[in-house]
Amino acid sequence: MKKPNYGVKKSDQKKPASGQRVSNFQPRERRREEYAKVNGGVFVYSKPISVAELSKAINVPTPAIIKYLFLRGKAVTINQVLDDETIGELCLEFGYDFKKEKIVDEEHFEELEVQDDEADLKERPAVVTIMGHVDHGKTTLIDAIRSSHIVDTEAGGISQEIGAYQKEVHGKKITFIDTPGHAAFTAMRARGASVTDIVVLVVAADDGVMPQTIEAIDHAKAAGVPIIVAINKMDKPGVHPERVKEELMQHDVIAEDYGGDVMTVEISAKKGMGIDDLLDMILLKAEMLELKANPKRYAIGAVLESELSKGEGPKATLLVQNGTLTAGDYVVVGETYGKIRRMTNEYRQVLKAAGPGTPVSVIGLSAVPSAGDKFMAFPEERQAKEIAEKRQLSKQAKERSGSSAMTLADLNNLVNAGKVKDVNVVVKADSDGTAEALKHNLEKMSTDSIKVRVLLASAGAISDNDVLLASASHAIIFGFNVRPDARVRQKAEENHVEIRLHKIIYELLDDMEAAMKGMVKAEVVESVTGQAEIRHIYKIGKVGTIGGSYVTSGLIKNGAKIRLLRDGVVIYDGKLGSLKRFKDDAKEVKEGYECGLTIEGYNDIKEGDIVEAYEMVEKTEGGAA
Ligand code: GDP
């Protein structure tokens with residue numbers, strides 16, 4: 001077997017001039033050919049690696065690496081972990097480019113901000129959702145779009161199977177999400193999946209702006225998704241599109257011909273009129289949005305819908321948002337994982353690969369995911385399994401510890417952690433005038449660091465939809481002289497949405513202000529609640545050592561954090577294990593009373609020791625909260 005030539009032939013060896021970079025190896029170009037066989041000559045790594053690992057990855061024997069470093073005054077062993085600088089130097093020396101990938105916690109892939117190289121980014125199809133008031137023609141429009149531009153290769157006529165489809169217009173694709181209505185859009189967003197790039201708002205010209213039109217506007221605005229208005233039913237006699245535009249203006253949707261930036265188009269979904277114009281506008285908007293993705297990476301995306309199919313098991317429609325999903329990939333969805341056994345498009349054609357913006361129906365998942373769940377693909381089963389298991393664990397932990405609900409109290413922590421800059425609020429009041437006034441006053445509270453965004457301020461009871469909107473936008477609902485019914489209340493609970501009800505305007509504003517003050521400066525400080533002196537020691541087999549004590553000041557609460565002081569010195573910091581008055585468990589024991597106590601995980605207490613109970617409290621500017 002011919003040994004690769006890592007070193008130089010003896011005859012070639014020259015003594016390096018002092019200060020000159022010592023290179024004991026062949027010219028870079030030649031080495032590149034010999035070694036750079038993986039990943040097109042780019043060595044990609046994400047964590048520090050050892051000499052042995054690098055050797056394997058770049059296909060250069062360990063002695064060559066060790067020797068190279070040794071000649072530069074670095075003595076390393078085979079298992080030594082190399083720093084980034086050395087890894088870089090070695091890669092260059094052996095003809096590789098190198099790239100350190102940002103370590104992302106793949107367990108939390110829904111929060112993962114995808115970092116792709118600009119060079120890898122390619123244009124991707126826009127994802128469009130159609131919204132509007134009931135009976136304004138959403139379904140008819142979806143059908144009209146679907147049946148337009150059908151080309152033979154699309155297997156026209158075969159009934160479509162999944163809740164999203166792609167349309168090719170002027171050689172470019174547009175992806176339409178089929179489920180019309182706000183619930184789907186908002187429910188997805190509530191689960192963290194913002195899949196929509198553009199909302200087409202259907203408004204019937206004969207009916208004008210109606211409550212669900214306004215809702216759709218609110219939802220799209222809250223999501224920061226641009227709107228294209230399709231004024232429908234233009235075939236009807238005596239309809240006035242200008243009236244619709246004027247009504248929309250009252251909701252800050254300002255058409256281009258009224259000096260705004262919202263594109264509008266007049267259509268008849270029923271007669272198929274204006275559909276091409278609408279599609280052109282979508283393409284134009286998509287171009288303006290410069291939607292790009294990296295087809296080279298492993299896929300990441302969201303579940304659009306799912307079901308349990310009798311013959312095939314869990315089945316889901318996935319939207320690939322970035323990367324390419326390939327049949328055979330392992331995917332983590334929610335807390336489960338599986339292998340993509342079969343992947344089909346909307347015409348039931350089997351696909352091998354699906355790039356960014358493509359909706360696909362897949363089978364092979366181990367459980368039925370929820371719409372809005374994010375998914376991520378991995379090359380190896382081991383990875384997918386590991387991450388799914390981790391996610392399962394953290395979900396359980398989260399469930400145990402309540403939820404990550406957004407409440408006024410929680411805002412504190414989030415703001416301090418730098419995670420919240422905007423406070424989103426939904427206002428429902430007993431009249432439009434009050435709602436407007438509250439909106440105005442709440443927004444006026446914005447400071448340099450925290451912006452109060454009122455997503456919606458309107459008259460009426462707190463509804464399901466308000467809860468969905470709040471949930472999707474991590475907003476708090478303020479109700480003024482209105483109340484949610486039991487069902488809405490339950491929905492709010494399920495979605496961890498906080499509803500704060502008030503009857504007096506300034507109390508509502510105070511509530512907000514107090515929370516914002518807390519947000520700006522919430523310092524956790526320690527507060528001693530009381531002290532007890534240990535006067536007798538009882539040793540009881542299973543229980544351990546009990547301190548018969550006397551509360552000398554304040555009060556001692558069961559389960560409290562404590563410090564054990566001996567001669568004024570802290571000898572242990574921990575937590576009470578139990579607290580009893582006579583034989584019974586006590587919630588708290590006040591100054592002047594006797595009690596028996598144990599310290600969790602600590603038995604070495606002595607007569608004369610002082611138990612000092614304390615708690616951590618949040619301190620706001622105005623004092624302790
Ligand atoms: P959706 O509730 O928004 O999905 O509305 P549909 O698509 O079900 O339409 C409601 C009604 O309006 C149906 O009877 C449609 O036939 C009718 N419709 C929809 N588009 C048009 C249109 O462009 N012109 C006329 N005249 N009727 C339409």
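Bear in mind that the values in this text are calculations on the coordinates, not laboratory data. These figures come from a predicted structure and were not determined experimentally. Heads up, the Cβs are rebuilt from the backbone with ideal geometry, glycines too, and the neighbour counts pull from every protein chain shown.
A compact table of results
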{"quantity": "Low-density loop positions, chymotrypsin sites (Phe, Trp or Tyr not before Pro), the range 527-620 - DSSP coil, at most 13 other Cβ in 10 Å", "calculated": "PHE582"}
{"quantity": "The range 232-385: translational diffusion in µm²/s, Stokes-Einstein, Kirkwood Rh over Cα pairs, 25 °C, 0.890 mPa s", "calculated": "135 µm²/s"}
{"quantity": "D_trans [Stokes-Einstein, Kirkwood Rh over alpha-carbon pairs] for the range 441-514, 4 °C, 1.567 mPa s, µm² s⁻¹", "calculated": "101 µm²/s"}
{"quantity": "Reference-scaled alpha-carbon Rg (2.2 N^0.38 Å with N residues) for the range 252-306", "calculated": "1.61"}
{"quantity": "Karplus-derived 3J(HN,Hα), 6.51/-1.76/1.60, for each residue of the range 427-437, Hz, glycine and proline x", "calculated": "10, 10, 9, 7, 8, 4, x, 5, 4, 4, 4"}
{"quantity": "Of LYS233/LYS491; LYS390/LYS587; LYS285/LYS439; LYS221/LYS315; LYS100/LYS315; LYS167/LYS233, those spanning more than 27 Å from alpha-carbon to alpha-carbon", "calculated": "LYS233/LYS491; LYS390/LYS587; LYS285/LYS439; LYS221/LYS315; LYS100/LYS315"}
{"quantity": "Sequence ranges 355-365, 440-450, ranked by mean other-Cβ count within 10 angstrom, highest first", "calculated": "355-365, 440-450"}
{"quantity": "Extended-chain gain in nm, criterion 0.36 nm per residue less alpha-carbon gap, GLU507 and SER553", "calculated": "12.9 nm"}
{"quantity": "Cβ charges +1 (Lys, Arg) and -1 (Asp, Glu), total dipole of the range 209-289, debye", "calculated": "340 debye"}
{"quantity": "Residue-count net charge about ILE254 - beta-carbon cut-off 11 Å; Lys, Arg +1, Asp, Glu -1", "calculated": "-4"}
{"quantity": "In Hz, Karplus ³J(HN,Hα) per residue of the range 386-393 (6.51, -1.76, 1.60; θ = phi - 60°; x = Gly, Pro)", "calculated": "4, 5, 4, 5, 4, 5, 4, 4"}
{"quantity": "Dipole of the range 424-577, positive direction: furthest Cα of ILE450, HIS474, THR545, with charges on the beta-carbon", "calculated": "THR545"}
{"quantity": "Per residue, the convex hull volume that the Cα atoms of the range 502-615 enclose (Å³)", "calculated": "147 Å³"}
